[in-house]
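The next block holds one structure in the form of structure tokens; read it before the comments.
The values are calculated or read from the model by the stated rules, or taken from the named source; none is laboratory data. Note that the structure is a prediction, hence the values are computed from the model and not measured. Here the Cβ positions follow ideal geometry from the backbone for every residue, glycine too, while neighbour counts run over all protein chains shown. Remember, those area values only see protein heavy atoms, side chains included, never the ligands or the DNA or RNA. Shrake-Rupley method; radii C 1.70, N 1.55, O 1.52, S 1.80 Å.
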Amino acid sequence: MPQAPLPHSEAQQAQQGQQNRAFQLIRSTQEAGVDIFHFALFPEGESMRAYNRTNPDACFTHFTSPEAWATGSAQAYIGEFLGQIHPDDQPEMISYVQTHLDKCHQGVGLNEIHRFTSSRFRARKTQGNWGWHELRSRIYGHESGLILTEGVMTEITDVMELLLKDSLTQLPNRLATEQQLQRIFDRNPQANLVVINLDVDRFQSINDRFGQVSGDAVLQHLSLIHI
């Protein structure tokens, strides 16, 4: 599959020569699964569009299509970004974005820089499967009167699979199950659920008599059973 076009401002597009170190840095980090972004977040209007489309510092993530970044609208970037997030993670990420926007509406003074905040989410990868990402971002006041946002988005799929998946059965582990249950209750505190806990009687005797390899094979076989 061909690589998606690299989103960047018109100013960067005009400076794509070998001497443009900033452009080369952005491309190399994206190839490594890291996105650097910097754009005007608030308020929407001609000043925002001018900054995002022409400022040499403006850059966007690989979730932003050429059509979206060409508008210069943060609303377009955010809408497209949220649309590519896993449905289970969308409520949390919408809340994350809204927190930034609420701070913008409250007012951010010139050169006032907020601390970085972070969140993890799953989003659609170019191959079509879901990948885990970690977002770290902050906002600050700019001399233009705009409020800018900047940060780093890193793909952490391999790390999260180690944290959330049982290496033997490839099933979600206890931590992943607890997180999934928490997301369900966050969306619907009155949800009625039944959790079934299955145990294997005398499993240790299998390991003792036939060896751990046989015990592992039993667990792998049991993991394929659908209730």
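Inside segment 74-94, can you point out the residues that are open to solvent by 50 Å² or more (accessible area, probe 1.4 Å) and under 18 Å from MET48 (Cα atoms)? Walk me through it before giving the result.
Of all residues in segment 74-94, those open to solvent by 50 Å² or more (accessible area, probe 1.4 Å) come to 75, 80, 83-84, 87, 90-92, 94.
Across segment 74-94, the qualifying residues are GLN75, GLU80.
Taking into account only those residues within segment 194-203 that are part of a loop (DSSP other than H, G, I, E, B) and more than 22 Å from GLN180 (Cα to Cα), which is least open to solvent (accessible area, probe 1.4 Å)?
VAL200
Only one of these is among the hydrophobic types (A, V, I, L, M, F, W, C) and under 30 Å from GLU46 (Cβ atoms): LEU175, LEU162, LEU148. Name it.
Numbers: LEU175 fails: under 30 Å from GLU46 (Cβ atoms); LEU162 fails: under 30 Å from GLU46 (Cβ atoms).
Among LEU175, LEU162, LEU148, only LEU148 is among the hydrophobic types (A, V, I, L, M, F, W, C) and under 30 Å from GLU46 (Cβ atoms).
Is one or more of the residues making up segment 184-195 small (Gly, Ala, Ser) and at pLDDT 80 or above?
So in segment 184-195, the residues small (Gly, Ala, Ser) come out as 191.
Cutting the leftovers down to at pLDDT 80 or above gives us 191.
Yes, segment 184-195 contains a residue that is small (Gly, Ala, Ser) and at pLDDT 80 or above.
Residues in segment 131-145 that are farther than 26 Å from GLY45 by Cα and not charged (D, E, K, R): how many? Let's see the steps before the verdict.
Kept after step one, since they are farther than 26 Å from GLY45 by Cα, are these residues of segment 131-145: 131-134.
The next check asks that each one be not charged (D, E, K, R); those that pass are 131-133.
Residues that pass the stated criteria total 3.
For the condition surrounded by 16 or more Cβ atoms within 10 Å (Cβ to Cβ) and at pLDDT below 95, what is the one hit in VAL152, VAL97, VAL108? Walk me through it before giving the result.
Values: VAL97 fails: at pLDDT below 95; VAL108 fails: at pLDDT below 95.
Sole residue among the options that is surrounded by 16 or more Cβ atoms within 10 Å (Cβ to Cβ) and at pLDDT below 95: VAL152.
Report the residue count in segment 96-145 for those that are of a type in the set (A, V, I, L, M, F, W, C) and under 18 Å from LEU163 (Cβ atoms).
At the first step, the residues of segment 96-145 found to be of a type in the set (A, V, I, L, M, F, W, C) are 97, 101, 104, 108, 110, 113, 116, 121, 123, 130, 132, 135, 139.
Retained after the next criterion (residues that are under 18 Å from LEU163 (Cβ atoms)): 121, 123, 130, 132, 135.
Counting residues in segment 96-145 that are of a type in the set (A, V, I, L, M, F, W, C) and under 18 Å from LEU163 (Cβ atoms) gives 5.
Each row is one residue, and each column tells you yes or no for (1) exposed (fewer than 10 other Cβ atoms within 10 Å of the Cβ); (2) outside any helix (DSSP H, G or I); (3) without any contact (Cβ under 8 Å) to a residue 60 or more places away in the chain; (4) among the polar types (S, T, N, Q).
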{"residue": "PHE185", "(1), (2), (3), (4)": "no, no, yes, no"}
{"residue": "PRO189", "(1), (2), (3), (4)": "yes, yes, yes, no"}
{"residue": "ASN192", "(1), (2), (3), (4)": "yes, yes, yes, yes"}
{"residue": "SER205", "(1), (2), (3), (4)": "no, no, yes, yes"}
{"residue": "VAL213", "(1), (2), (3), (4)": "yes, no, yes, no"}
{"residue": "LEU219", "(1), (2), (3), (4)": "no, no, yes, no"}
{"residue": "LEU222", "(1), (2), (3), (4)": "no, no, yes, no"}
{"residue": "ILE225", "(1), (2), (3), (4)": "yes, yes, yes, no"}
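What residue, of GLU92, GLU80, is over 18 Å from TYR140 (Cα atoms) and under 12 Å from the mean Cα position of the chain (by Cα)? Don't jump to the end; show me each part of the working.
On the way: GLU80 fails: under 12 Å from the mean Cα position of the chain (by Cα).
Only one candidate qualifies: GLU92.
State the number of residues belonging to segment 39-69 that are modelled with pLDDT under 95, loosely packed, with under 15 Cβ neighbours inside 10 Å and in a loop (DSSP other than H, G, I, E, B).
1
Filter segment 127-147 for residues that are among the polar types (S, T, N, Q) and part of a strand (DSSP E or B) and give the result. Step through it out loud before you land on a result.
Step one: list which residues in segment 127-147 are among the polar types (S, T, N, Q), which gives 127, 129, 137, 144.
The one that is among the polar types (S, T, N, Q) and part of a strand (DSSP E or B): SER137.
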